[in-house]
Each structure stands twice: as structure tokens, then as C-alpha cells.
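One structure below.
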Amino acid sequence: MAGFAIVIGWAMYTAFSAAQSIFLTKAGPHAYPLFFIVLALAVWPIAALQGALTRRFGVGRAFRITLIANAVMAIGIFTAYTLREDATVAFTAYVVYSVAFELVMLNFWSFVTQHFNVLEGKRIFPVIAAGSSVGYILSGFTTTIVAVFATEPLIFVWALGSIAAAIMSVSLERTLFRPAFSDEADQFLVAHEVERKRHGAIAVLRRAFEHVVGSRLVLALVMLAFVLQIASRVGDYLVAVLFVAATHNNLQELTILIGNAWLVSYVVQLVVSLFVAPWVLNRLGVKNAIMALPIFTLIGFTAVAVNPVLGTALFLFIVRNGLQTGLDDPAQNVLGGALPAQVVPRLLYLLDNAVLPGAAVATGAGLLLLQAAVTASVEVLAAAGIALAVLLIVAAWWVRSLYVDAIYARLRTHALSLADFQQAVGRPTTEQVAELQDFVRGGDDQTREFAAAALAKAAPDAFAAMLSELLASPDPVVRKLAFQMAAPDGITPRQLESAKDDEDGWVRAAAAIAAPTEGNTAYKLERTGRNTVIAYAAANQNPHAANT
């Protein structure tokens, strides 16, 4: 499946570099606002077309029809370029390609998700996404090599890759199968699809808006997505202006520049997703990871405003594409875990069909008004980008605060795993540590035990400081966790000695495992029938007594 993603990513992004270069050279960056509007308005026909094809032919055959149609469109666009490569043809070809790209991506993920349930998808989809990134990197190499001779032949890679992917999809369908549901999220996703087909898109959108009104976190997520889309589109426009100026509107130079920019961007994306994102999510938590893209977006726009050259434009381009897909997208995926499972499908439907297209239309209309009222210069666009980046930081901070509240609310209702908690909050603040300590001291049994484990993972120093209190807890599970999760050198011999008389066998066993093999105290485990007997041995004179 990863190889399949490589082929599609290579084909589509190689053609993207060609179509975008010709569009910017012939139509110019000033045509971007109209392009944003046209592409956004095409979302609903695209979704309707995908639904009609899927209902009529099934997911696999609909995908192959789409891929074959892409091959035909690629040949048609190349023919149009050959006959008359002017602004109208360049604009139309870019729109046609972009619509085809969206349709391929929709069908691709529909094809992929039918073979994996939600739990399997969490493990498999990052591998498939990494395959797509490799394809994007290969497209950068292909673009820079072929563009030395001409830009237009890059369109044939689109046709070749589409045909190859259509053939590969047949083999994949024969070897993969749709597994049974194993998570409630599968059930909610299916229920959402049934509701959409039964009541129609408008009714589903109306019910999704009800969640926006009823949940501050959902509203904050919608606002964050809306502002991010606008800031990203303005960034695309600004980068295009600087790229065209840097290459003096030369098609060959612009194509090579765009190819290299995508190459560097997706190398950065791959490195970030493989090495940086796991560390950030595990150490800093999702609550801090979602702030990275807004902050770097502000830095990028500010850099361009101060020094509008190719280098700062490339930095903004990499932030827009590499950092967003490498770090922000994984963080946003985890962020959805704070919402009830039944809300997530409706929120995604609302974002894909209303919020994101609406933001693109708003961006295009705003930029057209800016062009009419004031010259859309680099300085003006950079200033607008700075204002949007500040608004993006505010929206992300709002999401961050509500997300942390939602995580602790799920902690109180026992609807959170220890791994999810640690990934969500990273290193907790002093107030959050104090809240966990309060849970340990006064929560119900399940919350108290979870809070103790979370404290040991997220704040080991605070856990060590209250170790004596934990060992004196009336809850045997908390006493057991104290021995299991404390640092080996943090448990005193006196505490180990007192554990030998604990009324709970699991506490005695945990103390036996935590005891050092050398020193003043050691334990020895002996199995007698089905019962585990915890024996205490003094090792003052013989440090190896525990091993006898």
C-alpha cells in the first residue's frame, strides 16, 4: 500500500509543479484569488461526483475510473498546451488539474480506509502517508531533471502514474479485505454515512453546526481551521509573487525552483514526521505541538516583511507545507481524541464541506478586494499575513486551553488511557501537577489509580516527593504503583522492609521486584503450586541471598 501511495504521490505532484509553473508564468500570481474561489466552489460537485461513482460502481472500480480519467485529462491538457499556451489555457488547465487531484485524493483514501478499521488505521496510515511523502520527494527530482529540457512533458508523468496506479489497485483489491469493526469509532463513522445518505448533506451539515453551537471546543477547532486556511492561502499568494519575481517570469527557471522547493519541503516533512513529531508529542504534548505552526507562520510572514527575498519565501513555503504536514497534521489528529467519538465524523464533514471551502472563498474575495483597493504588493501581503498569523496564534491558544480542560474532564470520567494523557499534556504545569495530586488524594478508586500512574509518567519528581504518602495510601493499587513506578534509588530499605508485611500480595510482589539484588534488603520469589509466596531475606552479610 505504501508503494501504491508512492506512485500516486509521484505522478500527481510532478504534474502539479508543471501546471503551477505554467499558470504562474502565463496567468500570473494575481490570478490566484479567482483560482481560490473557483476551486472552493468545485468542492460540492467533486463530492457529488465521487458519491455517484462510488454508489454506481463501488469504491475500487470508481477509483480506477477516476485514475483512467486522469490519464485522459493529462493528455488533453498537454494537447491544449501544445496548441495555445496562453493565460486562459493555463488557468483552465490548473483548475482542471486541481479538481482532478482532489478527486484522486478523495478516492484514494476511500479506497485505503475500506481495508482497515479505525484501530488498524492508526498504525497503518502513517506508513501510507510516509509513502506519499517519498512520492512527493521523487516528484521533486523528476521535475528538476525533466524541466531542464521542457516543462510541458512533465504532464505525461501524471498520465503514466495514473495508469500504473489503476493497474496496482486491481492487485491490491485481490490481496486486501475489509475487516470487522473493532472499535466504536467504526460504528459512529458508518452511522454518519448512513445518516448522510438517508437525510442528505444539508441535514447533516445542520446537525454538525449544532455541535459547533453546543461545544466551545468544537467551535474553537472550527475557528482554528478557518483562520489557518486563510493564512495558508495568503501565504501561497505571497510565495508565488516572490518566486515569479526571483525567476524573472522564466518558465524553465520557475519550474525548477518549484520542483526544488517541493523537494526540500517534503524532505523536511519526512524528517519532522519521523523524528521531530514523535519527540514533540511525547515530551511537550499535543497542547504545545499545536502552537508550533502558528508561531512559525508568524516568523515566516515577518521574515518576508523585513527582507522579501527568495530565501525568506522558501522558509515560508517550507513552513506552509513541510511543518504543517509533518507536525501540525499529526497533532491535529490526536487533538480529535478529546472529542466524543460520535462528534468526530460530523466535525470532519463540516470542515471538508463548509468551513474550508468557505475560508477559501473568503480569502479569494478578500484578495480581489485588496487588489482593487490597494496594490497587492509583497509588503501589503506580508502585513496581512502577520495579522492573520497573530489571529492564528490566538485561535490555537484558545483551542489549547479548551483541549486541556477536555482532557482533564475525560480523566474524571475514566475515558482516557495513560498514553493518551501523556501525549496530550506532555510535561504538566505546576497547577496540573497539583490537580493530579488532588486526584490521588481524594478521587474515586479508578481516577486515583490513573492519576498516580499519570503523575509518575508526566512528573516523576513530584511522584517521588509524595512516595511516602503513596505507600501509606489505603488503596492497595496505589501502593503497588508506588513500588512499580518509582525510581529504583528512590525507595528506601525501610520502605521495602515495611512492605513485607503488607496485607496485599500484589504490593509485596511489587516490592520484591523493586528491591535491589545487592544492599541491605532483598526479596526472593518462590512459587508453591498456584500461589506466589513472598519471602524476605536479610542480605547484610550475603548480598546474593536473594538469588539463593
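The table that follows gives values for the structure above.
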item: Some residue of the stretch 284-306 being closer than 30 Å to A150 by Cα and either touching a Pro at 6+ places or on another chain (Cβ under 8 Å) or in contact (Cβ under 8 Å) with a residue 24 or more places away in the chain (or both); result: no
item: Whichever residue in the stretch 205-251 is hydroxyl-bearing (S, T, Y) and at pLDDT 90 or above and, among such residues, is nearest to A389 (Cα to Cα); result: S232
item: Criterion: farther than 30 Å from E379 by Cβ, out of contact with any Phe, Trp or Tyr (no Cβ under 6 Å at 6 or more places or on another chain) and either surrounded by fewer than 23 Cβ atoms within 10 Å (Cβ to Cβ) or among the aromatic types (F, W, Y) (or both) - qualifying residue of P330, P308; result: P330
item: Test for E102: is it modelled with pLDDT of 85 or more and either part of a helix (DSSP H, G or I) or at positive phi (or both); result: yes
item: For T297: the one exception among (1) in contact with a Ser or Thr (Cβ under 8 Å, 6 or more places away or on another chain); (2) buried (at least 22 other Cβ atoms within 10 Å of the Cβ); (3) at pLDDT 90 or above; result: (1)
item: Verdict on W279 being of a type in the set (F, W, Y) and either outside any helix (DSSP H, G or I) or surrounded by fewer than 22 Cβ atoms within 10 Å (Cβ to Cβ) (or both); result: yes
item: Condition met for L284 (surrounded by fewer than 22 Cβ atoms within 10 Å (Cβ to Cβ) and closer than 25 Å to I137 by Cα); result: no
item: Single condition T375 does not satisfy, out of (1) touching a residue at least 40 places away in the same chain (Cβ under 8 Å); (2) among the polar types (S, T, N, Q); (3) under 25 Å from F36 (Cβ atoms); result: (1)
item: Residue list for the stretch 483-503, filter: under 40 Å from the mean Cα position of the chain (by Cα) and in contact (Cβ under 8 Å) with a residue 12 or more places away in the chain; result: F483, Q484, M485, A486, A487, P488, G490
item: Filter result for the condition that a residue is without any contact (Cβ under 8 Å) to a residue 40 or more places away in the chain, surrounded by fewer than 17 Cβ atoms within 10 Å (Cβ to Cβ), among the basic types (K, R) and assigned to a helix (DSSP H, G or I), over K480, K457; result: K457
item: Selection status of W506, part of a helix (DSSP H, G or I), surrounded by fewer than 19 Cβ atoms within 10 Å (Cβ to Cβ) and touching a residue at least 60 places away in the same chain (Cβ under 8 Å); result: no
item: Residue list for the stretch 375-391, filter: within 14 Å of V239 (Cβ to Cβ), more than 26 Å from the chain's Cα centre (by Cα) and part of a helix (DSSP H, G or I); result: V378, L381, A382, A384
item: Filter result for S473 (closer than 22 Å to Q437 by Cα, out of contact with any Cys (no Cβ under 6 Å at 6 or more places or on another chain), among the polar types (S, T, N, Q) and not in a loop (DSSP other than H, G, I, E, B)); result: no
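The values are calculated or read from the model by the stated rules, or taken from the named source; none is laboratory data. No experiment lies behind these values; they were computed from the predicted model shown. All Cβ positions, glycine included, derive from the backbone under ideal geometry; neighbour counts span all protein chains shown.
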